[in-house]
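Below is one structure, written out as structure tokens, with a few remarks after it.
The values are calculated or read from the model by the stated rules, or taken from the named source; none is laboratory data. Computed from a prediction, not measured in an experiment: that's the story for all the values here. Cβ placement follows ideal geometry from the backbone for every residue including glycine, while neighbour counts extend to all protein chains displayed.
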Amino acid sequence: MTNSPHSLPETPEHVELQHMCHSGAAQRALDYYLKEEMSTPDVEGALFAIKPGVSQEEALVHASDLLRSAAATAYESACRHQGNQRDLAFSVVYLIDMAKAMVERSLQTPEAQANA
């Protein structure tokens, strides 16, 4: 039995794997699990970037505002639907409200958290 000098055609799985090897998400995942020091995020490829120097409190206040807007949008969507679509939209409102409560809790002082 002899080996063919010609390479075999690439399978779709192999092609997909080759494309994933060059993706930013795959690189970050590999960095997270395999490297002690993680690679720096690709800021140029980001849809938006957070201004350097933003405090944790400022970021959480902004996140709370974004969640409030998302909840209002989901609520309006829920009111315009019926049946399962309405239930799904209201479940999104509920999930957003839970996330917003967690963000707001993290903004409270330690003393206020102890009393809550």
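Is it the case, given these coordinates, that MET20 is surrounded by 11 or more Cβ atoms within 10 Å (Cβ to Cβ), part of a helix (DSSP H, G or I) and modelled with pLDDT under 90? Spelling it out, MET20 is indeed surrounded by 11 or more Cβ atoms within 10 Å (Cβ to Cβ), part of a helix (DSSP H, G or I) and modelled with pLDDT under 90.
Within region 24-78, the only residue that satisfies the criterion of being exposed (fewer than 10 other Cβ atoms within 10 Å of the Cβ), part of a helix (DSSP H, G or I) and either touching a Leu at 6+ places or on another chain (Cβ under 7 Å) or at pLDDT 80 or above (or both) is GLN56. Each residue in region 81-93 was checked for being in a helix (DSSP H, G or I) and surrounded by 13 or more Cβ atoms within 10 Å (Cβ to Cβ), and 6 of them qualify.
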